[in-house]
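As structure tokens, the structure follows; a few thoughts come after it.
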Amino acid sequence: MMQAVTRIILNALALLFVVSVLMPLPLVAKDKRLVDLIVEADYLITMQADEPPLEKTAVVIDNSKIIAIGETKSIHQKFHARQIISGKNRVLMPGLINTHTHTAMTLFRGMADDMELMPWLNQFIFPMEGKFVDPEFIKIGSKLACYEMIKGGITSFVDMYFYPDIIAQQTIDCGLRGMIGAPMIDYPSPGFSGWDDSFAAAKLFVKKWQGKHPRIIPAFAPHAPYTVSSVHIKQVADAARAMHAPVTIHIAETSSEEQMIQQQYHTSPVQLMQQQGLFDHNKVIAAHMVHPNPTDIQILAKQKVGVAHNPTSNLKLAAGIAPVPAMLNQGIAVGLGTDGAASNNDLDLWEEIRLAALIHKNQQKDPKLIPAYSALKMATKMGAKVIGLEKQVGQIKVGMQADLIQIDLGSLRLQPIYNLYSHLVYVTDSSDVSTTIVAGKVLMLDGKVLTIDVAQLKQQVAKKSKQIKQALLQQNLSHKKSLDKNTTDKK
Ligand SMILES: [Zn+2]
């Protein structure tokens, strides 16, 4: 009798095991939606508003977009992902937006420093560009820039440099999102004899790349008001309007530019651009904007011109300090840029965030200016507005593109933590970024870049820089001779 009872109990237990262990699994899995990726976060900063970070949250990504955001446990109950990235000790936030750079100039990093703009350009940059800038240089230089940007958590960038087709292809291959500007200038430049052929090539470039790839936005990139005549600026303004393409250009970078334009056209660089119709129904990203006058600021606000603030480059070339608080007060969208690595000398946007939060306080003797959240906003949500992608990137929001980064808070160097916004602006640097995701694709995981053959790139950079180093010795000699000559002449 006892044996029969035991057998019944055992059978019942076995049945219960089958029902409870084996049966429920497929039932639950069937209820869950299969998605590409779930990224967890101990702290989530959405940049939707200045509010405390969300804790123990996860972001669900499918088909390049963010499809859900919620408490980690409940997300795992609803979704089943092909890949899960842990958020232990990590902040998840929107990827950074570099609104102004010249990617391939990474190969000229540290080539010539501590000089004034004109001798720096005429004695080093222009001659070395003439000698070295070719498709191979651009391929290696822009790949090196992509590597550096992925490492530092930049997910979108605005570029202006030679051979933009190659830069666009490198951007696609490494997985980043790029607004790639076709360069135009009135003088001979790599690949061009002057204005006409550079303008014609730019129109072809824009036409070729419009709608071709979801992560590439082709743009017109006339160099600056002092290197492109007003007649040519009008041609760009008309072409960009007709082709619905953005324009990126350096404007009001130095006081010498201001003087040159005043002498030649009897107006300011901003008003000259306005008179040529550049801002009329065009998306314009104006890099630097260090010297706008109060009327210029009104024009920029009215015509919704986006500004790329490049504090490191401006400080290094002693160009001045852009009136960022005044521009923000007028409702102008101001983003942050690294400029090229020849005038920075890196592509670390965290440095620009920190400088943007510091230099305006000191200049105007007001520590309340550009608080931490505002500086971070310039690098994310407002940067997206500057480049016209505010509906796609710059925030963590359902329906937007999944361009996200994780910051590792595990290092003792970052402890203790009381306020995350303060920490991200005043403590964090690019080496704290552990994960970079663009359009739902993981480009870097646990600090390892997955889309670039790093060993091969190292070799390519070493080979190219060896050639540049040899030419630089000659250039340094001729620069020294010109300095000696100047000193002798003055005697
Ligand atoms: Zn620049």
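Every read-out reported here was derived from the displayed coordinates using simple, explicitly stated rules and does not represent laboratory data. Predicted model only: the values in this text are computed from it and were never measured. When we count neighbours, we look across all protein chains shown, and the Cβ atoms used for this are built from the backbone with ideal geometry, even at glycine.
General remarks:
- Considering all C-alpha pairs of the stretch 229-330, those separated by over 16 Å amount to 54%.
- log₁₀ of I(q)/I(0) at q = 0.08, 0.12 Å⁻¹ - the chain, Debye sum with one point per alpha carbon: -0.51, -1.07
- Gyration tensor (alpha-carbon) shape descriptor, the stretch 289-416, a/c threshold 1.5: oblate
- The stretch 96-394, relative contact order in percent, only Cα pairs under 8 angstrom and at least six apart counted: 20
- Projecting the Cα atoms of Gly399, Met260, Tyr161 onto the charge dipole of the chain, computed from C-beta unit charges around the Cα centre, puts Gly399 farthest toward the positive end.
- Magnitude of the charge dipole, the stretch 96-394, Cβ model with Lys/Arg +1 and Asp/Glu -1, debye to 20: 1160
- Euclidean distance between Cα centres, the stretch 99-119 to the stretch 345-390, Å: 21
- When each of the peptides 65-77, 381-393 is scored by how many other beta carbons lie within 10 Å of its residues on average, the order from highest to lowest is 381-393, 65-77.
- Share antiparallel - DSSP beta bridges, the stretch 96-394, percent rounded to 5: 5
- Sorting 135-145, 209-219, 310-320 by their mean Cβ neighbour count within 10 Å, with the most densely packed peptide first, gives 135-145, 310-320, 209-219.
- The phi-based Karplus calculation (6.51 cos²θ - 1.76 cosθ + 1.60; θ = phi - 60°) puts the 3J(HN,Hα) values of the stretch 75-91 at 4, 5, 6, 9, 10, 10, 10, 5, 9, 10, 10, 5, x, 5, 6, 10, 9 Hz, whole numbers, x for Gly and Pro.
- Coarse-grained scattering of the stretch 117-208 at q = 0.10, 0.16, 0.19, 0.21 Å⁻¹, given as base-10 log I(q)/I(0) from a Debye sum over alpha-carbon atoms: -0.28, -0.71, -0.96, -1.10
- Over the stretch 361-491, volume per residue of the alpha carbon convex hull, in Å³: 247
- Each label point was placed 7 Å from the Cα along the Cα-to-Cβ direction; for Lys485 and Asn293 their separation is 3.8 nm.
- Protection proxy ranking, peptides 322-329, 44-51, average beta carbon neighbours within 10 Å, highest first: 322-329, 44-51
- Assigned charges on the beta-carbon of Lys, Arg, Asp, Glu; the stretch 260-358 dipole about Cα centre (debye): 260
- Over 26 Å apart at the Cα level, from the set Lys361/Lys397; Lys316/Lys397; Lys234/Lys302; Lys458/Lys480; Lys302/Lys441, are Lys361/Lys397; Lys316/Lys397; Lys458/Lys480; Lys302/Lys441.
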